[in-house]
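These notes are about the structure you will find just below.
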Amino acid sequence: MSDETLGPADEELVRVASLQRERAYAPYSRYKVGAAIRTKRNKIHSGANVENASYGLTMCAERSAVFGAVGAGDRELEAIAVVVAGDEPPSPCGACRQVLYEHGPAMRVILATTGGRRRVTTLRELLPDAFGPARLGAGS
Ligand code: THU
């Protein structure tokens with residue numbers, strides 16, 4: 001992992017994800033996560049993790065953001081920023097990687113902390129040999 005300097009569009013995505021992080025509902029883990037997605041139409045959709053007293057029903061920030069984008073009819077995802085507090089940048093869970101892959105297999109992934117750390121990677125790197133719509137002959 002290396003800390004990187006971002007361009008203005010990616011830094012803006014991190015800024016929106018950081019703001020969204022403040023709306024996270026994480027009274028159980030106390031691990032607040034914010035995510036912001038930029039689409040090919042150059043719109044930003046954001047989400048935060050929402051926990052539940054029935055722990056397994058918790059929704060991650062990344063999937064909240066994807067479902068917001070797709071639900072708004074904006075399905076081609078170009079980049080995602082995920083922000084947490086603390087020393088270590090986040091790492092999206094397996095379920096979120098799979099859901100992100102469906103709508104943005106070539107997506108750029110920016111993993112950041114509120115303190116200024118930034119790691120840039122891609123979804124292909126995070127989820128090699130992925131199962132996706134092409135294997136079903138579907139996708140539209
Ligand atoms: N979480 C996310 O929202 N995104 C991640 O990348 C990792 C995990 C949430 C789920 C749960 O609310 C809390 O973080 C602890 O797992």
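Here is how the numbers come out for the structure above:
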read-out	value
Residue that is surrounded by the most Cβ atoms within 10 Å (Cβ to Cβ), among those in the range 20-49 that are over 14 Å from the mean Cα position of the chain (by Cα) and within 13 Å of the ligand (Cβ to nearest atom)	ALA26
Residue list for the range 73-98, restricted to those being within 21 Å of ARG23 (Cβ to Cβ), more than 9 Å from the ligand (Cβ to nearest atom) and assigned to a loop (DSSP other than H, G, I, E, B)	ASP74, ALA85, GLY86, PRO89
Residue ID - farthest from TYR28 (Cα to Cα), chosen from residues in the range 55-71 that are of a type outside the set (A, V, I, L, M, F, W, C) and open to solvent by 60 Å² or more (accessible area, probe 1.4 Å)	GLY71
Enumeration of residues in the range 72-91 that are among the charged types (D, E, K, R) and open to solvent by 10 Å² or more (accessible area, probe 1.4 Å)	ARG75, GLU76, GLU78, ASP87, GLU88
Output for the range 101-132, where each listed residue is small (Gly, Ala, Ser), over 13 Å from GLU78 (Cβ atoms), open to solvent by less than 60 Å² (accessible area, probe 1.4 Å) and assigned to a loop (DSSP other than H, G, I, E, B)	GLY116, ALA130, GLY132
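The values are calculated or read from the model by the stated rules, or taken from the named source; none is laboratory data. What you see is a predicted model, and the numbers here were worked out from it, not measured in a lab. Every residue, glycine among them, receives a Cβ derived from its backbone with ideal geometry; neighbour counts consider all protein chains shown. Note: areas computed on protein heavy atoms with side chains; ligands, DNA, RNA excluded. Shrake-Rupley method; radii C 1.70, N 1.55, O 1.52, S 1.80 Å.
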